[in-house]
Amino acid sequence: MILKWPNKLINEDGKLEVGKTIAAAFDWLTDAFGAAFDVLETVLSTSIDGALWLLQFPPPFLMVALFAALTWALQRSFKRTALVALCFAFVINQGYWEEATESLALILFAGVFCMGVGVPIGIYAAHRPRFYQWLLPVLDMMQTIPTFVYLIPMIVLFGIGMVPGLVATFIFVLAAPIRLTHLGISRTPVTLIEAARAFGATPRQLLWKVELPSALPQIMAGLNQTIMLSLSMVVIAALVGADGLGVPVVRALNSVNASLGFESGLVIVAVAIALDRMLRVETKS
């Protein structure tokens with residue numbers, strides 16, 4: 001399949017044909033790898049449906065109890081556990097449990113993909129300063145381009161539904177775990193590294209036993225930011241057919257319904273607070 005570039009990279013007015021060039025690249029991707037994107041869309045859709053079934057099959061208050069138990073296991077704080085339970089109870093009270101679980105499924109997959117890709121890249125970038133300097137403008141661009149722009153090629157590649165919202169969320173959020181993992185690894189105390197090397201630690205042992213434990217607070221902060229940024233994308237993902245808490249917000253916007261808008265907005269805030277308190281790691285001074 002031949003990539004059909006624009007006839008001219010610069011038009012008569014001296015304008016670079018950036019948009020047409022990118023559009024041609026996406027047309028080529030669609031023609032050359034359309035079947036692969038269809039398979040990926042099917043796999044992701046099936047996986048999301050499975051996670052959604054696990055979240056929605058148990059009774060809502062049983063899931064709240066499980067979330068509270070998870071919070072207690074992670075935080076050992078009665079106040080945080082109670083706050084998480086109250087936030088999810090508020091979601092149930094307002095009648096948004098189904099939408100909340102749909103958003104949680106999207107956040108779950110975005111978190112797994114972003115951390116699974118972002119942490120290794122952050123580790124590699126911390127050990128390769130030149131690579132990080134090359135990567136830095138790419139990360140800046142990923143976080144500065146308006147998120148609505150990501151939706152256009154995602155619709156072209158995956159159609160409408162949860163998958164384009166998930167992929168757009170992944171691209172937008174990925175920079176956070178990369179940056180914070182790089183920060184944590186690169187700030188490992190030199191004395192610890194020198195002591196480990198003096199005792200004969202291999203590079204693998206140095207990574208697993210010194211650098212990663214030292215960087216754990218920053219990595220967990222990256223996870224927290226990944227979840228919060230993913231939750232901020234639920235409204236935008238709703239514009240491409242993704243289910244979840246963004247749907248009533250979009251509906252309220254289209255109908256100028258302030259009551260529905262504030263109601264669903266407060267539910268999103270409650271979910272954000274619950275997830276933040278559940279996974280936040282306090283650094284000890």
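The values are calculated or read from the model by the stated rules, or taken from the named source; none is laboratory data. Keep in mind that this is a model prediction, so the values were computed, not measured. Virtual Cβ from ideal backbone geometry, glycine too; neighbours counted across all protein chains shown. Ligands, DNA and RNA are excluded from the accessible area calculation, which covers all protein heavy atoms including side chains. Shrake-Rupley method; radii C 1.70, N 1.55, O 1.52, S 1.80 Å.
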Based on what the data block shows, is Gly222 in contact with a Pro (Cβ under 7 Å, 6 or more places away or on another chain), crowded, with 19+ Cβ neighbours inside 10 Å and not hydrophobic (A, V, I, L, M, F, W, C)?
yes
Give the residues of the range 56-85 that are open to solvent by less than 30 Å² (accessible area, probe 1.4 Å), touching a residue at least 24 places away in the same chain (Cβ under 8 Å) and of a type in the set (S, T, N, Q), sorted by residue number.
Thr71
Which members of the range 225-249 meet the condition of being farther than 28 Å from His182 by Cα, without any contact (Cβ under 8 Å) to a residue 40 or more places away in the chain and open to solvent by 40 Å² or more (accessible area, probe 1.4 Å)?
Val235
Within the range 160-178, does at least one residue satisfy the condition of being on the phi > 0 side of the Ramachandran plot and either in contact (Cβ under 8 Å) with a residue 24 or more places away in the chain or crowded, with 16+ Cβ neighbours inside 10 Å (or both)?
yes
What residue, of Glu194, Glu211, is among the acidic types (Asp, Glu) and free of Cβ contacts under 8 Å to residues at least 12 places away in the same chain?
Glu194
Here is a check on your reading of the model: is Leu216 open to solvent by 30 Å² or more (accessible area, probe 1.4 Å) and within 27 Å of Ala175 (Cβ to Cβ)?
yes
Mind telling me which of the residues Phe33, Phe109, Phe26, Phe88 ends up being assigned to a helix (DSSP H, G or I), in contact (Cβ under 8 Å) with a residue 12 or more places away in the chain and either touching a His at 6+ places or on another chain (Cβ under 9 Å) or surrounded by fewer than 19 Cβ atoms within 10 Å (Cβ to Cβ) (or both)?
Phe26
Those residues of the range 194-211 that are farther than 17 Å from Gly122 by Cβ, at pLDDT 85 or above and surrounded by 12 or more Cβ atoms within 10 Å (Cβ to Cβ) come to a total of 5
